[in-house]
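Notes follow once the structure below has been shown.
The values are calculated or read from the model by the stated rules, or taken from the named source; none is laboratory data. Here the structure is a predicted model, which is why all the values come from computation and not from measurement. Here the Cβ is made from the backbone with ideal geometry for all residues, glycine too, and neighbour counts use every protein chain on show. For accessibility, only protein heavy atoms count, side chains too; no ligands or nucleic acids. Shrake-Rupley method; radii C 1.70, N 1.55, O 1.52, S 1.80 Å.
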Amino acid sequence: MLEVLTGSGLAASAGLNAYIPLLLMGLLSRYTDLVELPSGWQWLGNGWVVLILAVLLAVEVVADKVPVVDHVNDVVQTVVRPTAGGLAFGAGAGSETVTVSDPDTFFSTHQWVPVLVGVLIALGVHLLKAAARPVINATTAGVGAPVASTAEDATSVVMSVVALLLPVLVLVFLVALVIFVPWLVRRRRERRRERAAAREAGFRV
């Protein structure tokens, strides 16, 4: 169960920011004893991989905080974030962390399964993020973009740390997600009605 929660938390984190969970796992594996990556994922702790992930993270952090650019970034990240989620789930679910003592028993005979699960989780979170950002930009005239992006990055960091060290708390995030989805759907419907009403009023004038 802990392996599932660890992988799910890392994949969800990748749905918000593709590079944070991968970079965090690489750093913790390389410089601490908190995470021991499985044999097939040792490359995440390679110095060059860590450096590349850090550079990509810096670009992502900047691009995601600029209105309009953040939308283009989300389009590009539609491929990147699910891929990172698959990698994060596969590496995280098979890692030996301070709270997981028997990682190899999880999906041990079908190694592609956790990667696919991670892709789907990250894709779902990414789509929610991409759908919420236009609502935030429209209601705040773009001012909310950097605030929302910073909150998402912080959530990604916290989620990654929690997934690796206290995976049980990942359930809190899942509950919050269940609450957020209906709000987002309702808000988007309200925006469509407002636009339709505005167009109708314009035609009348």
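Computed quantities for the displayed model
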{"item": "Test: L171 is open to solvent by 70 Å² or more (accessible area, probe 1.4 Å), assigned to a helix (DSSP H, G or I) and in contact (Cβ under 8 Å) with a residue 40 or more places away in the chain", "result": "yes"}
{"item": "Residue match in segment 21-28 (condition: touching a Ser or Thr at 6+ places or on another chain (Cβ under 9 Å), open to solvent by 20 Å² or more (accessible area, probe 1.4 Å) and more than 29 Å from L127 (Cα to Cα))", "result": "no"}
{"item": "Index of the failed condition, V98 passing every other in (1) more than 15 Å from P167 (Cα to Cα); (2) modelled with pLDDT under 80", "result": "(1)"}
{"item": "Odd one out for V50, checked against (1) open to solvent by less than 30 Å² (accessible area, probe 1.4 Å); (2) closer than 23 Å to I121 by Cβ", "result": "(2)"}
{"item": "Identity of the residue in segment 123-158, within 21 Å of V79 (Cβ to Cβ), out of contact with any Leu (no Cβ under 7 Å at 6 or more places or on another chain) and of a type in the set (A, V, I, L, M), that ends up surrounded by the most Cβ atoms within 10 Å (Cβ to Cβ)", "result": "L123"}
